[in-house]
Amino acid sequence: MTTTLTETPRTSVAVAASMRGGAKTYGDGDAAVRALDGVDVDIAIAEFTAIMGPSGSGKSTLLHTLAGLDRLTAGDSWIGETRITGLSEDKITQVRRDKIGFVFQAFNLIPSLTARENITLPLDIAGRDIDPDWFGEVIAILGLADRLSHLPAELSGGQQQRVAVARALVARPELIFADEPSGNLDSRSGGELLGFMRRAVEEFGQTIAMVTHDPTAASYADRVLFLADGRIVDEMREPTAERVLDRMKQMGH
Amino acid sequence: MFRLAARSVQHNPKRLLLTAFAVALGVGLIAATHIFTDSLDRGFTRLFGEIYDGVDVIVEPVTSDGDVGDPTSGDSVGKDLDDAVVQTARSTAGVELAMGSTEAVGALIGTDGETLAGGSGFGPPTLFFNWTGVEDFDSATIVDGRAPEGDDEIVVDVGTAEAHGLTVGDQVVAGGADGTYPSTVVGTASWGDGNNTQGATLVWASLDRVRELRGGGDGWSVVHVRVDDGADAEAVAVAIDDRLPDGVRALTGAAKAEEQAASLGEALKAVDVFTLAFAFVALFVGAYIIANTFRIIVTQRTREFGLMRAVGVKGQQVRTMVLAEALLIGLVASVLGILLGYALAGGIIGLLKALGPGESFAVPIIPLDAVAWGFAVGIVVTVASALLPAIHASRISPMEAMRDAATQNRRGLRMRNIVGGALALAGAGLTTVGLYAGLERPYVYVGAGAVLLVLGVTLLAAQLLVPLAYGMRDLLARVWRVDGRLAANNIHREPRRSANTAAALMIGVMLLALTATVTQTVKSVAADAIGGQFTADLMVVSTTVPGSADDAVVADLASVPDVRTVTRSASLDARVDGVLVPVTVLDTATAEEAIAYETEPAFAEIDGGVFVSPSAIEAGAEVGDTVTLVGEDGEVTLEVTGEYPTSGDGDYFVDFAQAERLGTTIDVWQYSIVAAPGADVDHVRADLEDLVATDYPLLTVQSPDDMLALANQLIDLMLAVITALLSGALVIAMLGVANTLLLSVTERTREIGLLRAVGARRRSVRRMIRIESVVMSVFGAVLGIVLGVALGVALIRALEEFGFETVTIPWVLLGVYTVLAILAGIVAAWWPARKAAKLDVLEAIAFDG
Ligand SMILES: Nc1ncnc2c1ncn2[C@@H]1O[C@H](COP(=O)(O)OP(=O)(O)OP(=O)(O)O)[C@@H](O)[C@H]1O
Ligand SMILES: [Mg+2]
């Protein structure tokens, strides 16, 4: 537990989100589970960060608490300059709305809205105008141009995930969180999706943090964080699929 | 299967709670009605038994067809009994004592001229009896003071004494049909054991005084008989009866008590039918809610049922399971409803007791028929409503288990539209037939037609909602942005569900709008009639007891300065071809000075003949024919000399000269007064008021405006009563909206979570649900208003012959109903919106439908 005591100083520039001493406990007494156990992490701007680790290691919990979807039991977290621990629910919602995009593993879309309406949903909610050029660019790159008036039920799983990514991008959030976005896709569709996310980082300077189990998916990232038992145990820059796989084997995965 | 159903109910009790409550409310109304009337029935049966307890045999007048009049009103029909009847009774073997008794309806007035009880106006009567001194016959015992001896002495019942602070020695005035009599209170008495007078004021006086109050005569209202010790009352009654002339009968006190209880039972049955009709409306609305709930539940459990089918459960078993669940809910709801009904009836009885007029209620129990009806109706309605959803569930294929809820294929609305259109057409047709075809029991056709119409419109409403939701989407999206658009989407997504929910509200609002249209039309027709037709300046009316056709009254009224004309309106019952018909009697020479009757020709030209109304014409009378009117003691054959334009004011119209030949009591209910030209009507009124206060305390002076105000009051009261009775159905409809929303919030849990994840605030989630609710409510209300007004107009058109020529659309009330529907929508959305807003984002997304 010493890690939580030695505070890593927050670098105030070029950080999109960060956490210090983040802890999350579910339940209490004997049944208590420490999903996060003192996490210090910085998500750098314009970087593609992958988060890996065994099942139950706390990856989703980390993502959720960073995004303000869930609250930490102890510690602090920031989005940009805003400390979100301690903010009211409504304030957090507002921060999330203005600065964050989210892609879930499944169930990303509102069934009653068309693809276009789903994509513009966060902007509609915030009452912000849509930048038609940017919208067109995102749609073109994701190959959704001829699918915009379809309902989610009329789209394939891969198309649905792409709509979700488009939704995250169109609002130009400072930060996109994605929880196993390619988990449901075959390797080709998954590859396309990850390729696009990579391009978004390189070409538009988008910041992305992504949870994945797949070493190939992780190889698209700039940096990989390894999580075990609610702690960050390692990190790797410029990952390749083989190196990631080796590292995972070491962790007894 | 039953165990599975029970588990399912147990697993999700909340979603079924509202459903059960919807049924329970309807059942509760039914049970309450039964419990209420049962208590009243038992109370009165006991009371009548008490009243006639000491009287062995009663001798009383009857009409030629054996009618003894309304036992609760205090006035008897037929003629007074003469002394010969008393003698006959007295001289019959086995009779120990026979005494005549006389009663009069009158008023009790304070020395300051303020009426204490009775007089003209509404409410329980003030009855004067002669004091016989025989306790059993008087049914009363002196509590304070003594019995009346002189003509100016009276005894009042203890309840009245307490209500008006009267004590022995106080001065009051007794008012009768044609005079007032200063009197001294010499005692108070208790009527029966508990002085349970039902609010009536009872006064005992000397025989002569009571006869004076009646307006003269030396007859008896009734003869009380006590039989010898050991004699059989029944045998004595038969013996007396054998010796009595026609028009008089003898029967035992016990038989009389039974007769009165039975006749009251009949009256209560009419009350029962009236309130039960509203209970069934409530249940009908409840049935919509149940059907809708089961439909939603079946949809939500499609995968579960698909899985069951995949592992080998038969479709029929799935159906049985759903129905078993309905049966369980029906049982619970029935028990709940019966208890609710007991609480409701007990509460109302308690309230009535606290306020005074509830003395005669027996302690309420839950009678067997309340239990039987409660269970039968509760279970049948629930199970029948769940039938269609259950059949639908049994048709779910095993394949559905694999399909995602969001990708389920939607069935088209075509079949629904065809069936809905057919039902609506059939309903409209049946209603029209019922209203215009002049069949027997038209209400059966109208009722059945209205039900079909409602069902048809409900089915069609789903189709109506699709374009409506699209049209509103843009509007709502402009006003409330995404929240509005999503709300419109949700309504449109399940047009069936939304339509059914709205329809439940539609039924209640439809009946409200129908009632409002009819009552407002009646109001304006009355205003037209009173304002346009009444050229009289003032009316002297009798509302408690019809005055006799005494010429002295006319002369006295006419003697008031500046009174130009006094013209009487009266009525009697006579027989034409053996059928009892209402006959209106008028001073035909002067009638048109006071009221602009639109007869053909004018009443002044009646020429000793008879005028006929449309209903008499329908029965075969024609101008030029002769009609024979048969009265109690005489008959006249008259030429039909004219026509009266509308029905409802009497079938036949004659002048007083002809009416008097019938030998039937003529009840004058109005003296219309026309003042001299240029006279000050207020002055005339004051003079008339002075006159009636002293000489005719049972009459009052009114202006046409007073009459209109009174009529409006009565109509408003009726509207209020019906609205109150419909509120049950409206509450159920609101529960229905809440229930549908609650279920759809559950269904959309993940969606709501997602909305929140991408930045929707709690407030906007709440608002989305609220908009959805309000739109559904307003949609239902508007449909209801359109249908209700349409039915109201049809009904009024069918009543044209009663003078309903124009329809008044109650815009203000309709506006109020719409606003109330908006409020109802907001209230109904409260819980579902709260639930939706409270959802935890992550849990919601992880939620497995
Ligand atoms: N709502 C909850 N209540 C109780 N325990 C929870 C809850 N959510 C997560 N946990 C526990 O917290 C720990 C971390 O869960 P988390 O979902 O973050 O794991 P993960 O790394 O995302 O796993 P996976 O790869 O399987 O998705 C697990 O032990 C899990 O059981
Ligand atoms: Mg996870």
Of B:318, B:273, the only residue that is surrounded by fewer than 24 Cβ atoms within 10 Å (Cβ to Cβ) and outside the structural domain of residue B:455 (by TED's automatic domain parsing) is B:273
Scan segment B:532-577 for residues that are over 21 Å from residue B:588 (Cα atoms) and at pLDDT below 85 and report the count.
-> 3
Got a sec? Which strands (runs of 3 or more DSSP E) wholly within segment B:506-601 have at least 1 residues that are open to solvent by 50 Å² or more (accessible area, probe 1.4 Å)?
-> B:563-576, B:579-586
Out of (1) over 25 Å from residue A:242 (Cβ atoms); (2) open to solvent by less than 40 Å² (accessible area, probe 1.4 Å), the one residue A:190 does not meet is (1)
Condition met for residue A:165 (within 14 Å of chain B (Cβ to nearest Cβ) and either buried (at least 23 other Cβ atoms within 10 Å of the Cβ) or at pLDDT below 85 (or both)) | yes
Residue A:172 being within 17 Å of the chain's Cα centre (by Cα) and surrounded by fewer than 19 Cβ atoms within 10 Å (Cβ to Cβ) = yes
Return a yes/no flag: does segment A:121-129 have any residue that is open to solvent by 30 Å² or more (accessible area, probe 1.4 Å), closer than 22 Å to residue A:183 by Cα and at the interface with another protein chain (Cβ under 8 Å from one of its Cβ atoms).
-> no
Residue A:140 being open to solvent by 20 Å² or more (accessible area, probe 1.4 Å), part of a helix (DSSP H, G or I) and within 13 Å of chain B (Cβ to nearest Cβ) | no
Does residue A:98 satisfy being among the acidic types (Asp, Glu), touching a residue at least 24 places away in the same chain (Cβ under 8 Å) and either within 20 Å of residue B:763 (Cα to Cα) or open to solvent by less than 30 Å² (accessible area, probe 1.4 Å) (or both)?
-> yes
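This table checks each residue for (1) open to solvent by 20 Å² or more (accessible area, probe 1.4 Å); (2) under 30 Å from residue A:37 (Cα atoms); (3) within 14 Å of chain B (Cβ to nearest Cβ); (4) at pLDDT 90 or above.
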residue: A:154; (1), (2), (3), (4): yes, no, yes, no
residue: A:159; (1), (2), (3), (4): yes, no, yes, no
residue: A:186; (1), (2), (3), (4): yes, no, no, no
residue: A:204; (1), (2), (3), (4): yes, no, no, no
residue: A:244; (1), (2), (3), (4): no, yes, no, no
residue: A:247; (1), (2), (3), (4): yes, yes, no, no
Wholly within segment A:149-253, which strands (runs of 3 or more DSSP E) include no fewer than the required count, namely at least 2 residues that are over 20 Å from residue A:67 (Cα atoms) and out of contact with any Cys (no Cβ under 7 Å at 6 or more places or on another chain)?
-> A:231-237
Inspect all residues belonging to segment A:105-121 and state whether any of them is farther than 30 Å from residue A:251 by Cα, out of contact with any Phe, Trp or Tyr (no Cβ under 6 Å at 6 or more places or on another chain), free of Cβ contacts under 8 Å to residues at least 12 places away in the same chain and away from ligand 2 (no atom under 16 Å from the Cβ).
-> yes
Which of the strands (runs of 3 or more DSSP E) contained wholly in segment A:1-99 include at least 1 residues that are within 16 Å of ligand 2 (Cβ to nearest atom), within 14 Å of another protein chain (Cβ to nearest Cβ) and at pLDDT below 90?
-> A:15-26
Can you confirm whether segment B:61-77 contains a residue that is at pLDDT 80 or above, open to solvent by 20 Å² or more (accessible area, probe 1.4 Å), outside any loop (DSSP other than H, G, I, E, B) and in the same structural domain as residue B:361 (by TED's automatic domain parsing)?
-> no
Tell me, please, whether a residue that is under 26 Å from residue B:723 (Cβ atoms) and part of a helix (DSSP H, G or I) can be found in segment B:758-772.
-> yes
Could you list, in sequence order, all residues of segment A:222-239 that are modelled with pLDDT of 90 or more and touching a Ser or Thr at 6+ places or on another chain (Cβ under 6 Å)?
-> A:223, A:227, A:228
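Results for (1) away from every other protein chain (no Cβ under 14 Å); (2) under 30 Å from residue A:26 (Cβ atoms); (3) open to solvent by 70 Å² or more (accessible area, probe 1.4 Å); (4) part of a helix (DSSP H, G or I), shown as yes or no for each residue.
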site: B:805; (1), (2), (3), (4): yes, no, yes, no
site: B:813; (1), (2), (3), (4): yes, no, no, yes
site: B:816; (1), (2), (3), (4): yes, no, no, yes
site: B:819; (1), (2), (3), (4): yes, no, yes, yes
site: B:825; (1), (2), (3), (4): yes, no, no, yes
site: B:831; (1), (2), (3), (4): yes, yes, yes, yes
site: B:842; (1), (2), (3), (4): no, yes, no, yes
site: B:845; (1), (2), (3), (4): no, yes, no, yes
Which residues, counting only those in segment A:22-70, are more than 12 Å from ligand 1 (Cβ to nearest atom) and open to solvent by 20 Å² or more (accessible area, probe 1.4 Å)?
-> A:29, A:30, A:40, A:42, A:44, A:45, A:46, A:47
Checked segment B:452-489 for anything of a type outside the set (Ser, Thr, Tyr), surrounded by fewer than 18 Cβ atoms within 10 Å (Cβ to Cβ) and within 14 Å of another protein chain (Cβ to nearest Cβ); matches are B:466, B:474, B:478, B:479, B:481
From the set of residues in segment A:100-111 that are among the aliphatic types (A, V, I, L, M) and assigned to a loop (DSSP other than H, G, I, E, B), which is nearest to the other protein chains (Cβ to nearest Cβ)?
-> A:110
Residues of segment B:615-635 being hydroxyl-bearing (Ser, Thr, Tyr) and closer than 15 Å to residue B:651 by Cβ, in sequence order, are B:615, B:628
Exactly one of B:781, B:798, B:760 is away from chain A (no Cβ under 14 Å) and open to solvent by less than 20 Å² (accessible area, probe 1.4 Å), and that one is B:781
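For segment B:128-169, which residues satisfy the criterion of being under 37 Å from the mean Cα position of the chain (by Cα) and in a helix (DSSP H, G or I)? Show your work before the answer.
Kept after step one, since they are under 37 Å from the mean Cα position of the chain (by Cα), are these residues of segment B:128-169: B:128-130, B:137-140, B:155-166.
Hits for segment B:128-169 are B:137, B:138, B:158, B:159, B:160, B:161, B:162, B:163, B:164.
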Residues satisfying the stated conditions in segment B:170-189, i.e. assigned to a strand (DSSP E or B) and either aromatic (Phe, Trp, Tyr) or within 33 Å of the chain's Cα centre (by Cα) (or both) = B:175, B:176, B:181
Hits in segment B:403-432 (condition: open to solvent by 80 Å² or more (accessible area, probe 1.4 Å), at pLDDT below 85 and more than 14 Å from chain A (Cβ to nearest Cβ)) | B:411, B:414, B:415
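The values are calculated or read from the model by the stated rules, or taken from the named source; none is laboratory data. None of the values given here were measured: they were computed from a predicted structure. We place every Cβ from the backbone using ideal geometry, glycine too, and count neighbours over all the protein chains shown. The accessibility values were calculated without ligands, DNA or RNA, using every heavy atom of the protein model including side chains. Shrake-Rupley method; radii C 1.70, N 1.55, O 1.52, S 1.80 Å.
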